[in-house]
Each structure stands twice: as structure tokens, then as C-alpha cells.
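Enquirer: Here it is, the structure in full.
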Amino acid sequence: MTIQTYFMEATYLLASILFILALKGMSHPETARRGMFMAEAGMFAAIVGTLVGTQIVTWTWIIAGLSLGSIIGAWMAVTVPMTAMPQRTALSHAFGALAAALVGVGEFVVKAAEMGTVTRGALGFEVMLGALTTTGSLIAAAKLQGVIGGKPIQFRGQNAVNLLIALAMVSSFVLFWMHPEMVTAFYSMLGLAFVFGVMLVIPIGSADMPVVMSLLNSYAGLAAAATGFVLGNNVLIIAGTLDGFSGFILSVLMCKAMNRSITNVLFGGFGSVIAEAGQASAGGVMREINLDDAAMQLAFANRVVFVPGYGLATAQAQHAVRELAELLQDRGVTVKYAIHPVAGRMPGHMNVLLAEANVPYSALYEMEQINPEFPSTDVAVVIGANDVVNPDARDNPKSLIAGMPILEVDRAKSVIVLKRGQGRGFSGLENPLFFKSCTSMLYGDAKSTLSHLAQAVQRV
Amino acid sequence: MNPAVLIASIYVFALAAFLGYQVISRVPPLLHTPLMSATNAISGISLIGSLVLAGAVHYPLFAHILGFVAVTTATVNVVGGFGITDRMLKMFGKRRPDATATAVHK
């Protein structure tokens with residue numbers, strides 16, 4: 001080994017350690033930023049190490065790629081609004097997976113003949129996972145951005161078709177594995193993986209996006225780890241595995257928060273089943289309240305809990321809710337925010353939005369912490385959330401979301417629900433909370449309703 | 001890949017998985033979005049594989065082009081991922097709400 005190679009390996013070891021320390025820093029908001037600086041330093045060291053330690057002969061493509069990527073990356077980092085974070089993240093899963101898949105194809109092009117069986121196996125995994133994550137994430141991003149509808153796209157025999165595609169993909173993989181000279185097998189595996197990624201995500205509704213995002217995160221990481229196996233590169237294995245496991249842990253947490261299994265999310269086709277079930281209506285009437293009465297209730301309450309949902313994000317109402325909360329706090333009201341794990345479209349979505357609006361993180365409460373406090377809460381304000389506060393999940397074993405842990409808003413003394421209209425939520429489920437006698441409804445765009453409420457509170 | 005290297009790689013994979021589980025289970029739900037964005041940026045380390053493909057040895061042009069695209073997308077993830085993660089974490093760093101209400105209503 002030359003001195004350059006030793007240097008390169010040393011930077012890889014350093015990078016691996018720094019990455020792990022960075023994730024350790026993530027355990028608290030106060031240390032998280034420092035941790036990310038370490039990860040950035042590790043990444044920089046590994047890149048420099050690679051450029052020094054490998055025999056680079058052509059710099060053109062490297063410089064072009066690094067500059068173009070940096071420009072796009074920096075532009076995204078600066079301009080992407082916090083409300084678009086789910087789309088951005090889905091897109092970055094696609095980019096990461098595409099990089100892994102392309103490196104795999106490149107390795108196949110230049111080295112297929114000299115690869116052993118193990119390396120070929122790893123290469124197959126890398127390319128399959130990379131390709132299906134690329135197209136799957138692009139579809140997810142398109143759904144989140146609203147380019148294609150958020151409703152599940154389903155047809156008769158969908159699961160059978162998907163199974164066939166998956167079988168064909170795996171057969172091509174096995175064929176390539178046994179006969180590395182069969183170029184067709186490799187490329188049909190690649191093509192089928194791209195198709196399979198699309199098929200995997202189109203039947204999934206928007207409300208299930210937190211699980212899908214986490215799963216795609218996991219696949220993208222595992223694809224990078226497989227790249228590490230192909231190249232015999234430990235830092236790639238470590239970083240990819242950390243990413244893969246992080247995604248896996250998040251998927252499990254999200255599934256738990258919906259009381260569903262991963263298979264059910266992927267193959268269940270949630271939205272359509274409910275439309276057929278034709279829900280017996282919960283009965284009763286929804287009571288509407290006017291702004292001044294609502295403001296009065298809030299202003300004279302002791303404890304108020306805000307419960308944000310995806311509606312807060314679509315209405316971009318995070319600043320408006322913080323302004324209202326501050327007015328109430330000035331009047332001596334205790335204000336807290338209750339965050340359900342699957343509120344929004346990705347894990348932690350609501351926390352980021354509220355943090356953007358300068359809500360201190362000490363005011364954000366997790367479900368387990370806040371649920372015991374609802375009985376002593378005077379007013380719970382539900383902002384564009386629906387299923388996560390649906391008491392049917394707890395009380396009605398026949399409900400399609402039975403067993404899903406909820407924010408027990410219905411135990412508060414009174415509830416004000418901010419809703420765009422009288423329609424049902426994303427899942428199409430009837431929500432008995434809206435018909436309870438302690439509940440009153442405020443219709444309209446969440447952002448303008450909240451700022452009008454703030455004005456009304458000032459007049460009280 | 002010779003068996004010794006393979007076994008070493010599997011050790012690395014298993015230990016990284018175990019360590020990842022331990023470390024990531026301690027991340028509070030509050031930071032799940034930045035976590036996803038951070039691990040994404042970190043797995044942009046596949047950039048180093050792309051660099052080799054884009055510039056090393058005398059590979060055919062097709063391999064260089066694949067490498068170039070991979071370098072680009074991986075760099076987008078590294079630069080964009082770290083940039084956005086930092087932007088998010090900066091917001092969480094604030095201890096108290098800004099009295100001057102810097103809210104931007106777009």
C-alpha cells in the first residue's frame with residue numbers, strides 16, 4: 001500500500017467515527033447542530049481522502065459533477081420552504097438511491113467479468129434496491145407535491161401484477177448472478193426494479209406517507225451499504241447501514257403509531273376499502289361556533305392545547321398559531337402543543353413547522369406526555385387534524401383505525417375544531433369527535449381563521 | 001471478494017446495525033425530520049464510490065458519464081442534506097420565541 005492509500009483509509013475511519021458521533025448528538029436539540037458539524041467534517045475528510053488516495057486520471061467529470069451538485073444542493077438548502085420538507089426528503093431519497101444504482105451499473109460495465117459470486121450478489125441488491133427506491137421516491141415526491149393526486153391509485157389484481165413484476169425482477173437477478181455474461185439479465189433486472197418502484201408506491205394514500213418515507217429512507221441506506229460490499233469499502237457500509245437502520249426504526253415507530261403492520265400499509269390499499277365500507281353515519285349535528293365566542297373561550301381558559309395536523313401545513317398556518325398562542329400566554333393562559341407521531345406527511349413534520357414559527361420545543365408535547373393532561377385542559381384546538389384525534393380508534397373496535405393510539409382530545413372540557421369544510425378527512429372516515437356536545441366547529445382556511453381569532457382575542 | 005474480506009465486511013455491517021439501533025433509538029420524535037435529513041446526507045458518502053467511477057483509471061466513457069451523474073446526485077444530497085438539516089436544527093436551537101415576530105407571511 002502506498003502512503004496515499006493509508007491516508008485515504010485513515011480519513012474513512014475518521015469519517016465513520018464522526019458519523020456515529022453526529023447521530024449520537026441528535027439525541028438532544030442542544031447538541032444536534034454540533035453533531036452535524038462533525039458529520040460534515042467527516043464527509044469532507046472522506047472526499048479529500050478519496051481524491052488523494054485513488055489514481056484519478058480524468059478530473060473533468062469529477063469537477064463538473066461536484067460543482068453542478070453543489071449548486072443544486074445549495075440552492076435547495078436555501079430555498080426549500082419548511083412546508084415542502086416531505087417532498088424535499090423524498091427527492092433526496094431518490095437522488096441517493098440513484099447514485100447507488102448508477103455506481104452499480106458502472107461497476108457492472110467495467111468489472112462484471114472479474115467479480116466473484118458474493119460481489120455479484122451484493123451488486124444485484126445494490127442495483128435493485130437503488131432503482132426501485134429511485135422511482136418509488138419520485139412517485140412519493142410527486143404525490144406530496146401534488147403533481148399527481150394523493151389518492152391511492154388502484155386496479156383489480158394489483159397485488160397479483162406486483163407479485164409478477166417482483167418475481168420477474170428476482171428471476172433476472174438470479175439469472176445474472178449465475179451467468180454474469182448475460183447482459184440482458186442485468187438490464188432487465190434494472191428495468192423491472194424501476195417499474196416495481198412505481199408500482200409499490202402508487203397504491204399508497206397520502207395519509208400513509210410517514211411510513212413510506214421511512215421505508216424509502218431505509219432502502220436508500222441499504223442500497224448504499226450494498227455499494228460498500230461491492231467496493232469493499234467499510235465507510236460506505238457503516239454510513240449506509242446507519243441510514244438503513246434509522247429508516248427502519250422510523251418505519252416501525254410510524255406503523256406502531258397507526259396500529260398497522262408494514263405489509264398492511266404496502267398492500268392494504270387503505271383509502272379505497274373505506275369508501276366501500278360506506279360508514280354508518282355517526283349521527284347528530286356538528287355545532288358551529290363564531291369567532292368571537294371561540295376567542296372568548298380561549299381568552300378565559302386556564303389551559304389550552306393546540307393539536308396540529310396536516311391541515312396546518314397545507315394552510316401554512318404555523319406562524320398564525322404561534323401568534324395566537326403568544327397573545328393567550330400574555331393573558332396568563334398555559335399553552336401547549338400536542339404532537340401525534342404520524343401527524344403530517346413525514347416523521348417529525350409538525351415539530352419542524354412549529355419550530356420554524358419560533359415555538360420553543362419545550363412547548364411541544366408527545367402523545368404519551370400530553371394525553372393524561374387533556375381532562376384538565378379547558379380548550380383543545382384541533383387545527384387540520386382528523387384521524388389522529390378520532391375517538392373511534394379507541395372506542396369502536398369495528399372502526400378501520402381501531403387500536404390506533406390517538407390524542408385524547410375528546411376528554412378536554414371543550415374542543416374547537418378548525419376545519420376547511422364539512423367533508424371527511426383524508427381517510428374518508430367519519431369522526432365522532434365532531435358531533436360531541438363539547439365540540440364546536442370553526443370552518444375556513446386555518447391561517448386566516450387563526451389570525452382572525454388572534455384579533456378577536458385582543459378585543460376581549 | 002475473498003472470504004476473509006467478506007467476513008470482515010459482515011462484521012462491520014452487523015456492528016454498524018447494532019450501533020445504529022442503539023444510537024438512533026435515543027433520538028426524540030421532536031428531531032425525526034432532521035434525523036431523516038441528516039442520515040440521508042451521511043449516506044451521500046456513496047459519493048466516494050461515484051468519484052472513483054467518474055475519474056479513476058481508464059474506464060470507458062459510458063462509465064465516466066454514469067459516474068458524473070452519480071457524483072452530481074450524491075453531491076446534491078450531501079450539500080443540500082447538510083444545509084437543510086442545519087437550517088432545521090438552528091430553529092430548534094432557539095430557546096424562546098422571538099418577540100419581534102420575524103414571521104414571514106408568504
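Enquirer: Determine whether A:P397 is part of a loop (DSSP other than H, G, I, E, B), at pLDDT 90 or above and surrounded by fewer than 20 Cβ atoms within 10 Å (Cβ to Cβ).
Expert: Values: part of a loop (DSSP other than H, G, I, E, B): yes; at pLDDT 90 or above: no; surrounded by fewer than 20 Cβ atoms within 10 Å (Cβ to Cβ): yes.
No.
Enquirer: For region A:280-329: of the residues being among the β-branched types (V, I, T) and crowded, with 22+ Cβ neighbours inside 10 Å, which is farthest from A:D410 (Cα to Cα)?
Expert: Within region A:280-329, the first condition is being among the β-branched types (V, I, T), and the residues that meet it are A:285, A:289, A:304-305, A:307, A:314, A:321.
Next, only the ones that are crowded, with 22+ Cβ neighbours inside 10 Å stay: A:304-305, A:307, A:321.
Numbers: A:V304: 13, A:V305: 12, A:V307: 12, A:V321: 21 Å.
Top of the filtered list is A:V321.
Enquirer: Still on this structure: Any residue in region A:1-21 that is of a type in the set (S, T, N, Q) sitting within a Cβ distance under 6 Å of a residue that is buried (at least 21 other Cβ atoms within 10 Å of the Cβ)? List the pairs, counting only those 6 or more apart or interchain.
Expert: A:Q4/A:G53; A:T5/A:G53; A:T11/A:A46; A:T11/A:G49; A:S16/A:V235; A:S16/A:I238
Enquirer: What's the total number of residues in region A:202-225 that are farther than 19 Å from B:N77 by Cα and either among the hydroxyl-bearing types (S, T, Y) or within 7 Å of chain B (Cβ to nearest Cβ) (or both)?
Expert: Summing the residues that are farther than 19 Å from B:N77 by Cα and either among the hydroxyl-bearing types (S, T, Y) or within 7 Å of chain B (Cβ to nearest Cβ) (or both) in region A:202-225 gives 1.
Enquirer: Go over the candidates A:G232, A:G191, A:G240 one by one and state the one that is within 21 Å of A:F44 (Cα to Cα) and more than 22 Å from the chain's Cα centre (by Cα). Break it down stepwise before answering.
Expert: Numbers: A:G191 fails: within 21 Å of A:F44 (Cα to Cα); A:G240 fails: more than 22 Å from the chain's Cα centre (by Cα).
Just a single option satisfies the conditions, and that option is A:G232.
Enquirer: Here are some residues: A:N386, A:N390. Which one is of a type in the set (S, T, N, Q) and in contact with an Asp or Glu (Cβ under 9 Å, 6 or more places away or on another chain)?
Expert: Working: A:N386 fails: in contact with an Asp or Glu (Cβ under 9 Å, 6 or more places away or on another chain).
Every option except A:N390 fails the conditions.
Enquirer: So which of A:L216, A:L222 ends up being under 20 Å from A:R120 (Cβ atoms), under 20 Å from the mean Cα position of the chain (by Cα) and buried (at least 24 other Cβ atoms within 10 Å of the Cβ)?
Expert: Details: A:L216 fails: under 20 Å from A:R120 (Cβ atoms).
From the options A:L216, A:L222, the qualifying one is A:L222.
Enquirer: Report, by residue number, each residue of region A:82-97 that is among the hydroxyl-bearing types (S, T, Y) and at the interface with chain B (Cβ under 7 Å from one of its Cβ atoms). Lay out the reasoning, then the answer.
Expert: So in region A:82-97, the residues among the hydroxyl-bearing types (S, T, Y) come out as A:83, A:89, A:92.
Within region A:82-97, A:T89, A:S92 meet the criteria.
Enquirer: Looking only at region A:8-54, filter to residues that are closer than 14 Å to A:V235 by Cβ and among the aromatic types (F, W, Y); which one of those is surrounded by the most Cβ atoms within 10 Å (Cβ to Cβ)?
Expert: Only one residue tops the list, namely A:F19.
Enquirer: Sticking with this one: Would you confirm whether any residue within region A:226-235 is facing another protein chain (nearest Cβ under 9 Å), assigned to a helix (DSSP H, G or I) and under 21 Å from A:S137 (Cα atoms)?
Expert: Just the residues of region A:226-235 that are facing another protein chain (nearest Cβ under 9 Å), to begin with: A:227-235.
In the following step, the residues that additionally are assigned to a helix (DSSP H, G or I) were identified as A:227-231, A:234-235.
In the following step, the residues that additionally are under 21 Å from A:S137 (Cα atoms) were identified as A:227.
The answer is yes; a qualifying residue exists.
Enquirer: Same structure again: Among A:T5, A:T31, A:T11, A:T58, which is the only one that is in contact with a Gly (Cβ under 6 Å, 6 or more places away or on another chain) and not in a helix (DSSP H, G or I)?
Expert: Values: A:T5 fails: not in a helix (DSSP H, G or I); A:T31 fails: not in a helix (DSSP H, G or I); A:T11 fails: not in a helix (DSSP H, G or I).
Just a single option satisfies the conditions, and that option is A:T58.
Enquirer: Quick one: in region A:136-188, which of the residues that are farther than 25 Å from A:F108 by Cβ and small (G, A, S) is surrounded by the most Cβ atoms within 10 Å (Cβ to Cβ)?
Expert: This residue is A:A140.
Enquirer: Also: Quick one: which of A:F267, A:F245 is at pLDDT below 95 and surrounded by 24 or more Cβ atoms within 10 Å (Cβ to Cβ)? Walk me through it before giving the result.
Expert: Numbers: A:F267 fails: surrounded by 24 or more Cβ atoms within 10 Å (Cβ to Cβ).
Going through A:F267, A:F245 in turn, the sole match is A:F245.
The values are calculated or read from the model by the stated rules, or taken from the named source; none is laboratory data. Keep in mind it's a predicted model, so treat the numbers as computed, not measured. Quick reminder, even Gly has a Cβ in these numbers, built from the backbone with ideal geometry, and neighbours come from all protein chains shown.
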